[in-house]
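J.: Quick one: structure below, then a few questions.
Since every read-out is calculated from the coordinates, none of them should be taken as a lab result. All values derive from a computational prediction rather than experimental measurement. FYI the Cβ positions are ideal-geometry reconstructions off the backbone, even for glycines, and counts take in every protein chain you see.
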């Protein structure tokens, strides 16, 4: 089904700001609602990227927040006290509760999703070889009414065609948000026109 009612928003890398936390740096890419404040914890969802510069760090306690961490560079060992431990390689992920006492070992870069108010999310990394083109279908969950699809350009430049109706280009560090009704199917063409392979992060947030 062709999407007939969806909105697009590109957040450019230069329009985001880097902030320091105990273990390294973090960059907020997007937050919903748009006037929400991470420090006030009044958001429904938040997307960010971070760099962990210390060999060992303690994650910030976030009661009531569901977290997903996907490694984009490096390897990390996560320790969730009283729950489980998990070793993550590049492009592997873990989902866990924000109120857990979580420690990490290893210097990495990662992509982070924070969810509240019963929101759910799916995320994956997609690697395109040089000069290739791939089509992906966005996920739907019938128990939700709306969905925000997101695409983060991790490397170089990716050209995106959305359901044959919208042509967009993302540079490294750019984020695309697509808001739509859950009943409408979305498929996305990804084009890597460069001479090197590239990786993007793709996912959906269900509201």
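J.: From Cα pairs below 8 angstrom and at least 6 apart in sequence, can you work out the relative contact order of the range 16-115, rounded to a whole percent?
T.: Working: 245 pairs, mean separation 31.6, N = 100.
Worked out over the range 16-115, it gives 32 percent.
J.: Can you put 165, 148 in order, fewest other beta carbons within 10 Å first? Display every interim value, and only then the final one.
T.: Working: 165 10, 148 23.
Sorted ascending by nearby Cβ count, the order is 165, 148.
J.: Looking at the chain as a GNM with Cα springs under 10 Å, which of 163, 48, 142 has the largest mean-square fluctuation?
T.: 142
J.: Here's another thing I want to ask about it. In whole Å, how far is the Cα centre of the range 155-207 from that of the range 3-47?
T.: For the range 155-207 versus the range 3-47, the Cα centre distance is 17 Å.
J.: Which one of 140, 192, 118 has the biggest mean-square fluctuation once the chain is modelled by GNM with Cα springs under 10 Å?
T.: Judging by the Gaussian network model, the answer is 118.
J.: With an 8 Å cut-off on Cα pairs and a minimum separation of 6 or more residues, tell me the relative contact order of the chain in percent.
T.: Numbers: 526 pairs, mean separation 49.1, N = 207.
For the chain, the relative contact order is 24 percent.
J.: Mind giving me the FRET efficiency for residue 165 and residue 134? R0 is 25 Å, r the Cβ-Cβ distance, nearest 0.05 is fine.
T.: Numbers: r = 18 Å, r/R0 = 0.73.
Step by step, r from the Cβ atoms, then E = 0.85.
J.: Hey, of (1) 128; (2) 119; (3) 163, which did the structure itself give for volume of the Cα convex hull per residue in Å³ when calculated?
T.: After the calculation, the listed value that fits is (2).
J.: Restricted to Cα positions, what overall size does the range 1-74 have along the principal axes? Three whole-Å values, descending.
T.: Taking the Cα atoms of the range 1-74, the three principal extents are 48, 27, 25 Å.
J.: Please compute the Cα-Cα pair-distance distribution of the range 16-115 with 10 Å bins starting at 0, giving whole percents from short to long.
T.: Whole-percent P(r) values from 0 Å outward: 16, 52, 29, 3.
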